[in-house]
Amino acid sequence: MGEGGAWNRRPHLPMGDQKTAAKCNVRETGVERTTSVSRYHSGVSPYGVYDMVGNVWEWLATATSPGRYELRGSAFTSPLFRGVPAVPNDADQTMHDDDTGFRCVATPEQMGPYKQ
């Protein structure tokens with residue numbers, strides 16, 4: 001998109017354009033494990049989504065080549081500079097690591113009525 005277009009007005013990172021380990025669980029935080037989704041409130045995206053950077057790599061259904069799948073977002077084992085959700089990584093379909101997971105996403109309509 002050209003100068004002044006929507007792309008230029010939106011932050012390239014979920015937490016804004018200022019990259020800091022205080023907003024996500026990456027190697028520089030020193031936590032060295034996964035954390036609860038609600039831990040980094042200052043790193044939430046403009047859409048209210050947590051952990052788009054850090055915590056665990058998110059496994060996508062997108063194949064990058066036969067037997068390999070796309071990962072996004074980086075993990076607690078990743079350096080901060082890798083934490084750009086638009087930059088993909090990939091992994092073999094047989095990979096099992098403690099820094100890779102997936103995100104379940106549904107609209108409120110798909111979830112149905114809340115019952116106590």
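General remarks:
- When the stretch 38-76 is limited to residues that are aliphatic (A, V, I, L, M), surrounded by fewer than 19 Cβ atoms within 10 Å (Cβ to Cβ) and more than 16 Å from T20 (Cβ to Cβ), the one that is farthest from the chain's Cα centre (by Cα) turns out to be A63.
- So P79, is it of a type outside the set (D, E, K, R) and surrounded by 10 or more Cβ atoms within 10 Å (Cβ to Cβ): yes
- Tally, over the stretch 82-116, of residues that are surrounded by 10 or more Cβ atoms within 10 Å (Cβ to Cβ), β-branched (V, I, T), part of a loop (DSSP other than H, G, I, E, B) and at pLDDT 90 or above: 0
The values are calculated or read from the model by the stated rules, or taken from the named source; none is laboratory data. Since this is a predicted model, take the numbers as computed values, not measurements. With ideal geometry, Cβ positions are generated from the backbone for all residues, glycine too; neighbour counts draw on all protein chains shown.
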